[in-house]
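Q: What follows is a single structure, and I will ask about it in a moment.
The values are calculated or read from the model by the stated rules, or taken from the named source; none is laboratory data. Just so we're clear, the structure is a prediction, and the values are computed from it rather than from any experiment. Note that each Cβ is placed from the backbone with ideal geometry, even for glycine, and that neighbours are counted across all protein chains shown. All accessible areas refer to the heavy atoms of the entire protein, side chains included, with ligands and DNA or RNA removed. Shrake-Rupley method; radii C 1.70, N 1.55, O 1.52, S 1.80 Å.
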Amino acid sequence: MANPLLFRPITLRDVEVRNRLWVSPMCQYSVTALDGVPRDWHLQHLGALARGGAGLVMVEATAVVPEGRISPRDLGLWEDAQVPSFARLAEIVHAHGARIGVQLAHAGRKASTYPWLPDFTGGTQPEAEGGWPTVGPSAVAFGELAAPRALETTELAGIVAAFVASANRAVAAGFDVLELHAAHGYLFHSFLSPFSNQRDDAYGGDLAGRARLLRETTRAVRAAHPAVPLVVRISATEWVEGGFDLTEARQLVAWLAEDGADLVDASSAANILKAPIPVGPGYQVPLAAALREGPLPVGAVGMITTAAQAETILATGQADIVSIGRPLLADPHLPLRWARELRAPAAESLLPPQYHRAQF
Ligand SMILES: Cc1cc2nc3c(=O)[nH]c(=O)nc-3n(C[C@H](O)[C@H](O)[C@H](O)COP(=O)(O)O)c2cc1C
């Protein structure tokens, strides 16, 4: 292949990313000090992914307030004391030539779970064990989790402000890209879905109401950081009749473009416990392709496992970037391998000089 798209740079705002193969955000449940601060595991894990050749490393869901963590072991950017360790992380990723982004998140009614590690049993972590009461758009529980308290209308400005304050900290730490987590049943997605949002104020009801919190946050983060690329990850469908679906997602993307987002990453599901998700190779790519008919560049993600598959997604115009999760856990050097496989001119420059004798 002459010059595969996958390993050509992409520019968002004024930030050039060296290629279009990005690390999908993945919670590590590794903050054993429970203070939201990245330490050894995150530094070496994310450093390895940057060294492996990815264009952008998107740091896992990082809570904007302590009660917005999925589990007590999540990362957070809710106070200034957390910034220096994120700055060290950014330095390491940059040293490998990759860009670094952070997925700013509030887990809403899906917060306060046990860490999703191999002994994960599911369920809400009780307050006596370090959990906390959760909040959401309405007092509607997700599956077997504890029901959240419905947020008061007057509390919502505080949520927007928390996202802006965390964005400020990420930028102060040297992060290149910001992402809002509006997928997977967490706070923004639970506002978007008529299943979980039964509010009768301006933040519920029709799509304009259900999208209001995410749109206000997008606008506020954009206003605070005019030059910083802003990604929004959405669940483009719940795969359930009557839920937030692709038609609504297309309208949302049009609005997010007006609000200042630069790219939408098309994931799906996870606001409804038992949705019939058609899991299979590239199963979310058609969602990305549909959204790409709109005004914003789009990311494809989910069971993209070969170089040829990733390149075809870009070459057929179904997405502008490809995010990879689990395959990178199995092999952090996968981008280097794929660059060689696709005979990308960038392959040699991606290889750290110290590894020049490696046969990728
Ligand atoms: C261990 C693990 C943690 C994850 N954590 C997050 C997260 O923090 N934020 C998010 O949006 N998605 C998260 N995901 C979903 C991935 O980003 C990705 O969308 C999903 O795994 C599908 O891509 P893949 O088939 O390439 O793994 C996680 C997935 C895994 C496997």
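Q: Any idea which of (1) within 16 Å of the ligand (Cβ to nearest atom); (2) surrounded by fewer than 19 Cβ atoms within 10 Å (Cβ to Cβ) is the one Thr32 doesn't satisfy?
A: The number of the failed condition is (1).
Q: I would also like to ask the following. Only residues that are touching a helix residue (DSSP H, G or I) at 6+ places or on another chain (Cβ under 9 Å), of a type outside the set (D, E, K, R) and not in a strand (DSSP E or B): list them for the range 1-33, please.
A: Result: Met1, Pro4, Leu5, Leu6, Phe7, Asn19, Ser24, Met26, Gln28, Ser30, Val31, Thr32.
Q: Let me ask you something else. Being within 25 Å of Arg219 (Cα to Cα), away from the ligand (no atom under 16 Å from the Cβ) and open to solvent by 40 Å² or more (accessible area, probe 1.4 Å) narrows it down to one residue among Glu129, Glu152; which is it?
A: Glu152
Conditions tested, residue by residue: (1) more than 15 Å from the ligand (Cβ to nearest atom); (2) open to solvent by less than 20 Å² (accessible area, probe 1.4 Å).
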site: Asp265; (1), (2): no, yes
site: Ala288; (1), (2): no, yes
site: Gly302; (1), (2): no, yes
site: Ala330; (1), (2): no, no
site: Ala347; (1), (2): yes, yes
site: Leu350; (1), (2): yes, yes
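Q: Do we find that Thr312 is out of contact with any strand residue (DSSP E or B) (no Cβ under 6 Å at 6 or more places or on another chain), among the hydroxyl-bearing types (Ser, Thr, Tyr) and within 12 Å of the ligand (Cβ to nearest atom) in this structure?
A: no
Q: Also: Can you confirm whether the range 188-204 contains a residue that is on the phi > 0 side of the Ramachandran plot and modelled with pLDDT of 95 or more?
A: For the range 188-204, residues on the phi > 0 side of the Ramachandran plot and modelled with pLDDT of 95 or more: absent.
Q: Looking at Arg8, Arg18, Arg13, which is the one that is open to solvent by 10 Å² or more (accessible area, probe 1.4 Å), closer than 18 Å to Ala344 by Cα, away from the ligand (no atom under 13 Å from the Cβ) and in contact with a strand residue (DSSP E or B) (Cβ under 9 Å, 6 or more places away or on another chain)?
A: Testing whether each residue is open to solvent by 10 Å² or more (accessible area, probe 1.4 Å), closer than 18 Å to Ala344 by Cα, away from the ligand (no atom under 13 Å from the Cβ) and in contact with a strand residue (DSSP E or B) (Cβ under 9 Å, 6 or more places away or on another chain) leaves just Arg18.
Q: Would you mind finding the one in Gln309, Gln284, Gln251 that is closer than 30 Å to Gly53 by Cα, among the polar types (S, T, N, Q) and touching a residue at least 40 places away in the same chain (Cβ under 8 Å)?
A: Residue meeting the stated conditions: Gln284.
Q: Could we say that Phe195 is in a helix (DSSP H, G or I), farther than 19 Å from Leu296 by Cβ, touching a residue at least 40 places away in the same chain (Cβ under 8 Å) and aromatic (Phe, Trp, Tyr) here?
A: So Phe195 fails the test.
Q: Continuing with this model, one more query. Out of Leu49, Leu75, Leu43, Leu56, report the one residue that is within 18 Å of Ile92 (Cβ to Cβ), more than 12 Å from the ligand (Cβ to nearest atom) and free of Cβ contacts under 8 Å to residues at least 60 places away in the same chain.
A: Leu43
Q: Which ones in the range 47-69 are over 21 Å from Gly185 (Cβ atoms) and open to solvent by less than 10 Å² (accessible area, probe 1.4 Å)?
A: If the condition is that a residue be over 21 Å from Gly185 (Cβ atoms) and open to solvent by less than 10 Å² (accessible area, probe 1.4 Å), then Gly47, Leu49, Ala50, Gly52, Gly53, Ala54, Gly55, Leu56, Val57 are the ones that fit.
Q: Given the residues Gln284, Gln359, which is the only one that is surrounded by fewer than 16 Cβ atoms within 10 Å (Cβ to Cβ), over 16 Å from Leu6 (Cβ atoms) and polar (S, T, N, Q)?
A: Result of the check over Gln284, Gln359: Gln359.
Residue by residue, here is whether (1) over 19 Å from Gln125 (Cα atoms); (2) touching a Ser or Thr at 6+ places or on another chain (Cβ under 6 Å) holds:
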residue: Val57; (1), (2): yes, no
residue: Pro72; (1), (2): no, no
residue: Leu77; (1), (2): yes, yes
residue: Ala81; (1), (2): yes, no
residue: His94; (1), (2): yes, no
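Q: Has the range 13-30 got any residue that is modelled with pLDDT of 95 or more, within 19 Å of Phe86 (Cα to Cα) and acidic (Asp, Glu)?
A: no
Q: Take the residues in the range 267-279 that are more than 17 Å from Leu180 (Cβ to Cβ) and among the hydrophobic types (A, V, I, L, M, F, W, C), then tell me which one is least open to solvent (accessible area, probe 1.4 Å).
A: Ala269
Q: Would you tally the residues in the range 215-243 being in a helix (DSSP H, G or I) and either open to solvent by 10 Å² or more (accessible area, probe 1.4 Å) or hydrophobic (A, V, I, L, M, F, W, C) (or both)?
A: Total satisfying the criteria: 8.
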